[in-house]
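The values are calculated or read from the model by the stated rules, or taken from the named source; none is laboratory data. Everything quoted here is computed from the prediction, not taken from an experiment. Neighbour counts run over all protein chains shown; Cβ positions are idealised from the backbone, glycine included.
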Amino acid sequence: MNNKIEKYAELLVRIGINIQKDQTLVIASPIECAEFARIVTVKAYEAGAREVVMRWLDEKSTKIRYQMASNEIFDEFPIWAKEYFNGYADIDAAFLSISASDPELMKDVDPKKMSRANKASSVALEHYRSRMMSNKNVWCVASIPTDAWAKKVFPGVSTEEAVDQLWDAIFKAVRVDTPDPVQSWKDHQSHLNNKLTFLNETAFKAVRYKNSIGTDVLVELPKNHVWFGGGDEAPQGHVFVANMPTEEVFTMPKHDGVNGKIVSSMPLNYNGNLIENFSFTFKDGLVVDFDAEKGREVLEELLATDEGAKRLGEVALVPFDSPISNQNILFYNTLFDENASCHFALGKAYPICVKGGDEMNKDELKAAGANDSLTHVDFMVGTEDLEIIGIKEDDTEVPIFLNGNFA
């Protein structure tokens, strides 16, 4: 186990972040993950990092704050925190986030407070978020087990056994269980590149989704859209992997070109709340109706973030037959669940997904078809019978997915 943990930490530093000599690394880690975060710190210094800055997170303290702090503070964001994020972003620091929350910790918290806090943070950190989503800074999101998360995923066993099982599932998902994880990731990238070449050379004008649970939607794609997947290129020219694991290839939809119904295929863990069995109806890109069996109030607050939260910002393809999906585990963690399933995202589009987008201003991005929002939330739609048809400029139809996998 310890050997695999060391390998995983090194993989995050050398493949995920791909730290460069004399670069600063900023790590955000739950306090429960402190031991692993320190291992990553050592690996980063060994790889040549100038400094490793640690930002400790404690979701239990955050819950107490939501329940007991003065109401007005949820519309505020501290100046020092804004300077922290923007300052490190402007010196080209790399950012590693360890995502490992309790999927239902915040279920008793007022969702309006959480929505207000998220909005205040997004407004204050617009510069930082813009740099991240344009890949002007290197970033990576990864996860390790915590007791609460592990027990949610594996409820029928002891906490210790649940944690061990979740470690094993993560090792498989990130290919640490292979003899040479670094080479395995290079092979994986080559496989994704084949899909990207096909999608970018074909340049579909739209994609149509259908499955048996009720999804039936036509999604237009902007002219000059670009598909990405696996590694991204930093401004300095080196490659990093923003999500570890990742199985997806993705692009942006046309912000006013989505029509039809989308039905979720997995629960969504949003801000420590589970939203289950939900759906959206779109007209001209806008959500005009929605529903959820559980967490409807939380979903309503998400959609109310701003106008852009009611539109799609990402369309992503993930085969049903993939290393994460084949484990038949519901992770209750979007990083893993989105890489086991085709998914969309509500909210802001990645500017890089249209040619020249990383250098465009907001008005230029909107004219190019990109959605803008203070939020970006992925939700899963992939099923074993999902059919995706690509529509070319001459209206020729080409199967992209049949029976949940690439045709």
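What to note about this one:
- Total residues in region 172-189, condition of a type outside the set (V, I, T), assigned to a helix (DSSP H, G or I) and touching a residue at least 60 places away in the same chain (Cβ under 8 Å): 4
- Test: residue in region 133-142 that is assigned to a strand (DSSP E or B) and of a type in the set (A, V, I, L, M): yes
- Residues satisfying the stated conditions in region 258-269, i.e. in a strand (DSSP E or B) and surrounded by 22 or more Cβ atoms within 10 Å (Cβ to Cβ): V258, I262, L268, N269
- A142 meets the conditions (1) out of contact with any Asp or Glu (no Cβ under 8 Å at 6 or more places or on another chain); (2) among the aliphatic types (A, V, I, L, M); (3) surrounded by fewer than 21 Cβ atoms within 10 Å (Cβ to Cβ); (4) within 29 Å of V298 (Cβ to Cβ) in every case but one. The failed one is (3).
- Every residue from region 279-302 that is free of Cβ contacts under 8 Å to residues at least 60 places away in the same chain, surrounded by 17 or more Cβ atoms within 10 Å (Cβ to Cβ) and either part of a helix (DSSP H, G or I) or assigned by TED's automatic domain parsing to the domain that holds R116 (or both): L299
- Restricted to strands (runs of 3 or more DSSP E) entirely inside region 202-249, those with at least 3 residues that are closer than 25 Å to F280 by Cβ are 206-210, 216-220.
- Considering the conditions (1) among the small types (G, A, S); (2) farther than 25 Å from Q23 by Cα; (3) assigned to a helix (DSSP H, G or I), S130 is excluded by exactly one of them, (2).
- Unmet criterion (only one of (1) closer than 23 Å to S265 by Cβ; (2) crowded, with 16+ Cβ neighbours inside 10 Å; (3) over 17 Å from the mean Cα position of the chain (by Cα); (4) not aliphatic (A, V, I, L, M)) for D378: (3)
- Evaluation of L192 against (1) part of a strand (DSSP E or B); (2) outside the structural domain of P323 (by TED's automatic domain parsing); (3) among the hydrophobic types (A, V, I, L, M, F, W, C) (one fails), failing number: (1)
- The listed residue being surrounded by fewer than 21 Cβ atoms within 10 Å (Cβ to Cβ), in contact (Cβ under 8 Å) with a residue 40 or more places away in the chain and not in a strand (DSSP E or B), out of D395, D363, D385: D385
Residue-wise test of (1) modelled with pLDDT under 95; (2) of a type in the set (D, E, K, R); (3) under 22 Å from the mean Cα position of the chain (by Cα).
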| site | (1), (2), (3) |
| --- | --- |
| N271 | yes, no, yes |
| I275 | no, no, yes |
| S279 | no, no, yes |
| G285 | no, no, yes |
| R296 | no, yes, yes |
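- Scanning region 97-114 for residues that are free of Cβ contacts under 8 Å to residues at least 60 places away in the same chain and either of a type in the set (A, V, I, L, M, F, W, C) or in contact with a Phe, Trp or Tyr (Cβ under 6 Å, 6 or more places away or on another chain) (or both) yields one hit, K113.
- Of everything listed in (1) touching a Gly at 6+ places or on another chain (Cβ under 8 Å); (2) at pLDDT 95 or above; (3) buried (at least 21 other Cβ atoms within 10 Å of the Cβ), the single unmet condition for S341 is (2).
- Positions within region 303-327 being part of a helix (DSSP H, G or I) and more than 30 Å from R175 (Cβ to Cβ), in sequence order: L303, E307, G308, A309, K310
- Condition check for L166 on (1) touching a residue at least 24 places away in the same chain (Cβ under 8 Å); (2) within 23 Å of the chain's Cα centre (by Cα): one failure, at (1).
- Annotation: M114 fulfils all but one of (1) closer than 30 Å to V153 by Cβ; (2) surrounded by fewer than 19 Cβ atoms within 10 Å (Cβ to Cβ); (3) of a type in the set (A, V, I, L, M); the unmet one is (2).
- Of the set (1) in the same structural domain as D385 (by TED's automatic domain parsing); (2) β-branched (V, I, T); (3) touching a helix residue (DSSP H, G or I) at 6+ places or on another chain (Cβ under 9 Å), all apply to V217 but (3).
- Of all residues assigned to region 149-169, none qualifies as being more than 22 Å from E35 (Cβ to Cβ), part of a helix (DSSP H, G or I), basic (K, R) and in contact with a helix residue (DSSP H, G or I) (Cβ under 8 Å, 6 or more places away or on another chain).
- Listing of strands (runs of 3 or more DSSP E) fully contained in region 1-116 that carry 2 or more residues being modelled with pLDDT of 95 or more and hydroxyl-bearing (S, T, Y): 24-30
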